[in-house]
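The values are calculated or read from the model by the stated rules, or taken from the named source; none is laboratory data. Treat the numbers as computed from the prediction; the structure is a model and nothing was measured. All Cβ positions, glycine included, derive from the backbone under ideal geometry; neighbour counts span all protein chains shown.
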Amino acid sequence: MNDVIGTILNHRSIRHFEDKPLTEEQIRTIVSCAQAAATSSFIQAYSIIGVKDPVKKKKLAELAGNQEYVEKNGHFFVFCADLYRHTLIGEKEDKNVEASLESTEKFMVALIDTALAAQNAAIAAESLGLGICYIGGIRNNLEEVKGVLHIPDRVIPLFGLAVGYPAKVTGQKPRLPFEHVYHENGYEQNKEVNLHQLDVYNEIIANYYQQRTNGVRKDHWTEQMAAMLEKQTRMYMKEFIQKNKLDLR
């Protein structure tokens, strides 16, 4: 196993960081690695906002559900799907790009580009001995997040990435079994096979929680997911996206 694979397989979310900021060199390295990710048709439909201002970080932490590690970390990155610059490109080159930019396809491209860049950044940070935690909670109230970060239309802050020196390292949660994720030559649709794989994973997760909490928790993954999915959260998203001149057609 090489060092890159070792770094990837050793991933876990870090939620407690030392009070030590990242250096400018570290920030530049992480962003450069993000930019090295694949991008559909070279469109590069994302931007990254680094947040150092403690007042802004505190406000973002509140908006993300009072998650302390949004405020207290080495550096906070916000990854945004960005088609605003492509609006400017259309103006600069005197081309009508509106219909394309308002298509579901270009919206998906922007989302995918952003996610690929972010994962490169995460791996780069972890390879430097830093810890990371993705923050989807910034989508709790995107209008306020846009205001805090002065974000224009056609730019959507998708998630944050808290990065820093780990103050506490937790155990690694077991992922779904290989056989449940990897399908050869077609999707495995046998319901009994799928349910059996979920039963096996439920036992793995229950044992993980039982050991981690000294028997306090032993819930199953499917229980967690069903309870989470039963609650309707961030249901304003489609309206917000359309209001910001994306994904209209």
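Among the residues of the stretch 118-132 satisfying the criterion of being more than 16 Å from Asp3 (Cβ to Cβ) and under 10 Å from the mean Cα position of the chain (by Cα), which is surrounded by the fewest Cβ atoms within 10 Å (Cβ to Cβ)? Residue satisfying both the conditions and the ranking: Gln119. With respect to Tyr46, determine if the residue is buried (at least 16 other Cβ atoms within 10 Å of the Cβ) and closer than 15 Å to Gln119 by Cβ. Yes; evaluated as a whole, the condition is true for this residue.
For the stretch 202-209, the criterion of being of a type in the set (Ser, Thr, Tyr), in contact (Cβ under 8 Å) with a residue 12 or more places away in the chain and farther than 27 Å from Ala110 by Cα is met by at least one residue.
Beta carbons closer than 6 Å, at least 6 apart along the sequence or on distinct chains, pair a first residue in the stretch 165-189 that is over 26 Å from Ala124 (Cβ atoms) with a second that is surrounded by 11 or more Cβ atoms within 10 Å (Cβ to Cβ) for Pro177/Gln197; Pro177/Tyr201; His180/Gln197. All conditions in (1) within 30 Å of Lys20 (Cα to Cα); (2) assigned by TED's automatic domain parsing to the domain that holds Ala64; (3) not charged (D, E, K, R) hold for Pro152, with the sole exception of (1). Does the stretch 77-88 include one or more residues that are assigned by TED's automatic domain parsing to the domain that holds Asp153, in contact with a Gly (Cβ under 7 Å, 6 or more places away or on another chain), within 26 Å of Lys168 (Cα to Cα) and not acidic (Asp, Glu)? So far as the stretch 77-88 goes, yes, one or more of its residues are assigned by TED's automatic domain parsing to the domain that holds Asp153, in contact with a Gly (Cβ under 7 Å, 6 or more places away or on another chain), within 26 Å of Lys168 (Cα to Cα) and not acidic (Asp, Glu). If you go through the stretch 1-24 and keep only what is out of contact with any Cys (no Cβ under 7 Å at 6 or more places or on another chain), under 23 Å from Val51 (Cβ atoms) and either of a type in the set (Asp, Glu) or not in a loop (DSSP other than H, G, I, E, B) (or both), you end up with Phe17, Glu18, Asp19, Glu24. With respect to Ala34, is the statement that it is within 15 Å of the chain's Cα centre (by Cα), buried (at least 19 other Cβ atoms within 10 Å of the Cβ) and at pLDDT 95 or above true? It is true that Ala34 is within 15 Å of the chain's Cα centre (by Cα), buried (at least 19 other Cβ atoms within 10 Å of the Cβ) and at pLDDT 95 or above. Lys52 meets the conditions (1) loosely packed, with under 14 Cβ neighbours inside 10 Å; (2) more than 27 Å from Ile112 (Cβ to Cβ); (3) touching a helix residue (DSSP H, G or I) at 6+ places or on another chain (Cβ under 9 Å) in every case but one. The failed one is (3). Per the listing Glu98, Glu93, Glu62, the residue uniquely at pLDDT below 95 and at negative phi is Glu98. Met1 meets the conditions (1) at pLDDT 95 or above; (2) over 18 Å from the mean Cα position of the chain (by Cα); (3) over 21 Å from Leu111 (Cβ atoms) in every case but one. The failed one is (1).
In this structure, Gly164 qualifies as of a type outside the set (Phe, Trp, Tyr), in the same structural domain as Gly50 (by TED's automatic domain parsing) and over 27 Å from Val109 (Cα atoms).
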